[in-house]
Each structure stands twice: as C-alpha cells, then as structure tokens.
Amino acid sequence: MKIVFMGTPDFAVASLNALVEANFDVVAVVTAADKPAGRGQKLNESAVKKYAVEKGIPVLQPEKLKNPEFLAELKSYNADLQVVVAFRMLPEVVWAMPEKGTINLHGSLLPQYRGAAPINHAIINGEKESGVTTFFLTHEIDTGDIIQSASVEITNDETAGDLHDKLMNVGANLLVKTVTAIAEGNYKEQPQPQSDVLKHAPKIFKEDCKIDWNKTSEEVFNLIRGLSPYPTAFTLLNDKTLKVFKAEIEEKESAIVAGGFLTDGKTYLKFATKDGFIKLLDIQYEGKKRMLIEDFLRGMRL
C-alpha cells in the first residue's frame, strides 16, 4: 500500500517515523514551504521535511494545493492512501485522490475540539481527559467518520506542552494501528457521535493570550498552562509584556483589586484574581530571557 504523508511540525514527525518504522511504503511527503526566520532571514525547513530528507523520501512543498503542477506530481505517486497529521485544510481534489481516501490524526476526542488548537483549548477549559482520533477527511473540517480513537488523562498541573508530547506518542501508535487496519481491510468507520454541546478549538491569536485577572484563579491558572510553552499567556508589568510559563494558585482572600500584585522583592510575585492569587513561578519579561521568578526579582525593583 503506497502512502503519501502530509504534515509539518514535530507532532507530525512522530507519526511519520512510526509509519516508516512499521515498514509502510511512504512514497512522498507533502509539507509547508520553507520560510525565512530569525535575524538573518535564513530559510527554515519544517520538521517533517528535515526527517523526510534524512530518510530519502521525496518532498513536495506546494504554495497552493490546487496548483496543477502540484496535483500532477501528487497523482504521479499513485498513492493508495493519504495520511494527514498537523497540516492544513485540503481541497477535495487532493483528499479525494487516493482509492482508499485520506485519513487525519486529530489531537482530541472528536466531535469535541474540532479546529486548529485542540490541545490548548482542552487545558484552557480545565478538561480532565483528552485523546486522539483517526478519521476520514470529508468536506467539513474535522467531521469525517471515525476509524479509531485513544484517550489520555490530563493531570492537574499538565501544560499544553506536556499534553502535546503525550498525544504525539499516543497518536503515532494509534495511526499505525489505523493504517494497518485499512491495509488489511479490517476496520469499521463510525459517524461522529452527536453532541448537544460542542466545544470548539479555533486558532489562538495574541489577544486570546492576555490574562484577565478579573476571572477566577482556576480560570487564569488553566489559561497559563493551556498556553505554555507556546504561544504563552501574558500580562503587563510597568507597561512591558510579562509572559507566564508556570504559576500556581494561592487560595487566599485578596484585599487588593484584581490585577494588582504583591511581592517581597525576593521570592514571590503574585497577582490578585477574582477569588484569590496566582503566584508566578516561571516567566519572561520583555527584553529578557526566560527565568524563574526568584532570578527575575533579584535583578528587578518593583
């Protein structure tokens, strides 16, 4: 069975590697175009491209997925199945191309958290469980028939980065199981279950990352860990951006207004919320490197 793999970040590399290690015939990889990055604007290759080049797998990097030259090249690989992990929306002319269709690995238990940022939103919303789902692509995003799924627990202090790494590995294993089942014709696809309450996972923008101290401590705590390490929750301190990677809840009654802060100038910096305090532990102040709060306070007078 010939497979074309589509993906871009590290999350996708784990799945691609799992397919290669399981001896599936990955005939080509489709990934994002190289992009200039850093001060020197040097072209940066995607994690998937780097892996594919290392393994000698042909790489396609279309700017537009409906480009006739790209479509002709993609068709020339005569894939039986296409596998998508952390890529972009595909037009029907692409996902309908292979005889066995195109499957996607998504970082949530569908139908919940359809969209671009399922891992972040699950933690922001304080979920205790997440997972991965494989499904067949169809017209509407993340709505196709489910092939298989696997669930994981979310612990109380887990960050989006922690959950990302956990789902990356669980997802890679699930993908191999799914592709094996498709190759053997031993699978049963199920329509996504109906739900009265659908939680969505839209792309996260900078304004979504600003901490609202008028919310409860639990809500702020979940936002911080749901955006850590990227794109990172932030607040303003002396009119400069203060990114927060790690914090903890202090359940004390606050006598100061939400958004106000207390510090001893040495060991702690805590901001008042609607119902208590959030103690900052791991931060990055504008113009400085990431550091623990004690190191930050040692060089800063507040």
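The values are calculated or read from the model by the stated rules, or taken from the named source; none is laboratory data. Being a predicted model, the structure only gives us computed values, none of them experimental. We place every Cβ from the backbone using ideal geometry, glycine too, and count neighbours over all the protein chains shown. Surface accessibility is based on the protein's heavy atoms, side chains included, excluding ligands, DNA and RNA. Shrake-Rupley method; radii C 1.70, N 1.55, O 1.52, S 1.80 Å.
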Task: helices (runs of 4 or more DSSP H) contained entirely in the range 48-147, each with at least 2 residues that are without any contact (Cβ under 8 Å) to a residue 40 or more places away in the chain - done: 68-76, 92-95
Task: Pair list, Cβ under 8 Å, 6 or more apart: the range 183-199 residue surrounded by 10 or more Cβ atoms within 10 Å (Cβ to Cβ) and in a loop (DSSP other than H, G, I, E, B), other residue of a type in the set (Gly, Ala, Ser) and at pLDDT 90 or above - done: TYR187/ALA181; GLN192/GLY144
Task: Residues (in contact with a Ser or Thr (Cβ under 9 Å, 6 or more places away or on another chain) and of a type in the set (Val, Ile, Thr)) located in the range 229-284 - done: THR235, THR241, VAL244, ILE249, THR273, ILE278
Task: Some residue of the range 79-96 being farther than 23 Å from THR134 by Cα and either touching a helix residue (DSSP H, G or I) at 6+ places or on another chain (Cβ under 6 Å) or not aliphatic (A, V, I, L, M) (or both) - done: no
Task: Scan of the range 269-285 for residues that are touching a helix residue (DSSP H, G or I) at 6+ places or on another chain (Cβ under 7 Å) and over 17 Å from ARG225 (Cβ atoms), ordered by number - done: LEU269, ASP275, TYR285
Task: Filter result (at pLDDT 95 or above and under 16 Å from ASN67 (Cα atoms)) within the range 79-98 - done: LEU90, PRO91, GLU92, VAL93, VAL94, TRP95, ALA96, MET97
TODO: Tell me, yes or no, whether the range 220-243 has at least one residue that is of a type in the set (Lys, Arg), open to solvent by less than 40 Å² (accessible area, probe 1.4 Å), touching a residue at least 60 places away in the same chain (Cβ under 8 Å) and touching a Lys or Arg at 6+ places or on another chain (Cβ under 9 Å).
DONE: yes
Task: Residues that are more than 19 Å from the chain's Cα centre (by Cα) and on the phi > 0 side of the Ramachandran plot, drawn from the range 227-241 - done: ASN238, ASP239
TODO: Could you please let me know if ALA272 is more than 18 Å from LEU236 (Cα to Cα) and either touching a Cys at 6+ places or on another chain (Cβ under 8 Å) or of a type in the set (A, V, I, L, M, F, W, C) (or both)?
DONE: no
- [ ] Filter the range 128-157 down to residues that are of a type outside the set (S, T, N, Q) and surrounded by fewer than 19 Cβ atoms within 10 Å (Cβ to Cβ), then give me how many there are.
- [x] 11
TODO: Please find, among THR273, THR216, the residue that is open to solvent by 30 Å² or more (accessible area, probe 1.4 Å), more than 30 Å from ALA18 (Cβ to Cβ) and over 21 Å from the mean Cα position of the chain (by Cα).
DONE: THR216
- [ ] Filter the range 76-104 for residues that are farther than 11 Å from ALA28 by Cβ, open to solvent by 50 Å² or more (accessible area, probe 1.4 Å) and not hydrophobic (A, V, I, L, M, F, W, C) and give the result.
- [x] ARG88, GLU92, GLU99, LYS100
